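Take a look at the structure set out below.
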Amino acid sequence: MERGETPLIGQKLVALMIMVIPALVAMFGIKLIRDAFFYSIGPDAPFLWGKLISGVLLFVIPVLFIAGFILHHDRKRNRVQPRFMKQEPEEE
């Protein structure tokens, strides 16, 4: 490795784990939503509100985390549209 070069494999592995772990949690949230609907199809089965609400939360929160991570990553490299750039406070 040359001088000034960073070990990118470790950084890329961390970034991959930051993307994979929330994706797995979101997949589990989708499973809970699906279970809430399909287990409640029976004529005398109650609707599983707890499973539905926890599934929605376990889906929405990781998706928002992934979106924020991607937006932060792209802002650092100036790859976003001007409306998504951070607004600097104007000095008078």
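Taking the condition surrounded by 13 or more Cβ atoms within 10 Å (Cβ to Cβ), of a type in the set (Val, Ile, Thr), out of contact with any strand residue (DSSP E or B) (no Cβ under 8 Å at 6 or more places or on another chain) and outside any helix (DSSP H, G or I), does residue 80 pass? When the stated conditions are applied, residue 80 passes them. Among the residues of the range 23-55, the one identified as acidic (Asp, Glu) and open to solvent by less than 60 Å² (accessible area, probe 1.4 Å) is 35. When the range 46-77 is filtered for residues that are more than 13 Å from residue 25 (Cβ to Cβ) and β-branched (Val, Ile, Thr), the ones remaining, listed by number, are 53, 70. If I filter the range 56-68 for residues that are over 17 Å from the mean Cα position of the chain (by Cα), at pLDDT 90 or above and open to solvent by 90 Å² or more (accessible area, probe 1.4 Å), do I get at least one hit? No, there is no match, as no residue in the range 56-68 is over 17 Å from the mean Cα position of the chain (by Cα), at pLDDT 90 or above and open to solvent by 90 Å² or more (accessible area, probe 1.4 Å). Tell me yes or no: at least one residue of the range 34-50 is at pLDDT 90 or above and under 30 Å from residue 73 (Cα atoms). So far as the range 34-50 goes, no, none of its residues is at pLDDT 90 or above and under 30 Å from residue 73 (Cα atoms).
Against the test of being under 30 Å from residue 84 (Cα atoms), of a type in the set (Phe, Trp, Tyr), touching a Leu at 6+ places or on another chain (Cβ under 9 Å) and touching a residue at least 24 places away in the same chain (Cβ under 8 Å), the options 69, 59 yield a single qualifying residue, 59.
The values are calculated or read from the model by the stated rules, or taken from the named source; none is laboratory data. From a predicted model like this one, the values you see are computed outputs, not experimental measurements. Cβ atoms come from the backbone with ideal geometry, glycine included; neighbour counts cover every protein chain shown. For accessibility, only protein heavy atoms count, side chains too; no ligands or nucleic acids. Shrake-Rupley method; radii C 1.70, N 1.55, O 1.52, S 1.80 Å.
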